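Working notes, beginning with the structure itself.
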Amino acid sequence: MWYQFFGYTPAPQLWISILVYWTLNRKLWEGSVMLYLIAFIVSSQSAVPFSILLTSCVGLFVIGLTIKQRVYWPGPQYFMMMSAFFSFVFPLFHYFVSFLVEDNAISSFYFFRWVATWILTGLFSFPFFFVLEWVDKKTQKEKLVDVSGGDF
């Protein structure tokens, strides 16, 4: 649908925002299950192989948990910053894992597409935070207050 309205403008990666939300606000096992589901769903909807996407998502998840243990404050600004950071780092993980795993690694890097996706994901994550908060409120899911990742 994005293509119908905006043409070739890169779309924001809202799945990254979901991964960030589950990294910050869920227990470790719940976040792990969601990252697997995200990798499975996104790989089935794109040309990215499952193994590369799963490895990249695990890398983002580990970095997110590490940053969360060092610096964390609840709220939409932190969520927006982490979504933009994940969106910025994801192509780097993707290219690195591609060079390690594939015989024909990715050879082209679209810098302006990367920057546009990074900016759009950060901007779209701010209102998306309130949508995810609303879903948590409707499903009566409490936020995880422990910054260590919670009990497994």
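The values are calculated or read from the model by the stated rules, or taken from the named source; none is laboratory data. Computed from a predicted model, the values in this text were never measured in an experiment. Note that each Cβ is placed from the backbone with ideal geometry, even for glycine, and that neighbours are counted across all protein chains shown.
With respect to residue 71, determine if the residue is of a type in the set (A, V, I, L, M), more than 14 Å from the chain's Cα centre (by Cα) and loosely packed, with under 12 Cβ neighbours inside 10 Å. Yes, satisfied. One residue stands out in segment 119-146 among those that are in contact with a helix residue (DSSP H, G or I) (Cβ under 6 Å, 6 or more places away or on another chain) and either among the charged types (D, E, K, R) or at pLDDT below 85 (or both): the one that is surrounded by the most Cβ atoms within 10 Å (Cβ to Cβ), namely 144. Could you check how many residues of segment 36-63 are at pLDDT below 90 and crowded, with 21+ Cβ neighbours inside 10 Å? Residues that pass the stated criteria total 6.
Criterion applied to 56, 43, 51 was being without any contact (Cβ under 8 Å) to a residue 40 or more places away in the chain, more than 19 Å from residue 125 (Cα to Cα) and hydroxyl-bearing (Ser, Thr, Tyr), and the one residue passing it is 43. Go through segment 1-52 and give me each residue that's part of a helix (DSSP H, G or I), among the small types (Gly, Ala, Ser) and over 12 Å from the mean Cα position of the chain (by Cα). Once the filter is applied, which keeps residues that are part of a helix (DSSP H, G or I), among the small types (Gly, Ala, Ser) and over 12 Å from the mean Cα position of the chain (by Cα), segment 1-52 yields 32, 43, 44, 51.
Checking the structure you have, find out if any residue of segment 68-90 is of a type in the set (Lys, Arg), assigned to a helix (DSSP H, G or I) and touching a helix residue (DSSP H, G or I) at 6+ places or on another chain (Cβ under 8 Å). Taking every residue of segment 68-90 in turn, at least one turns out to be of a type in the set (Lys, Arg), assigned to a helix (DSSP H, G or I) and touching a helix residue (DSSP H, G or I) at 6+ places or on another chain (Cβ under 8 Å).
Scanning segment 1-41 for residues that are more than 23 Å from residue 133 (Cβ to Cβ) and among the hydrophobic types (A, V, I, L, M, F, W, C) gives 1, 2, 5, 6, 39, 40. The single residue among 129, 85 that is touching a residue at least 40 places away in the same chain (Cβ under 8 Å), closer than 20 Å to residue 14 by Cβ and not charged (D, E, K, R) turns out to be 129.
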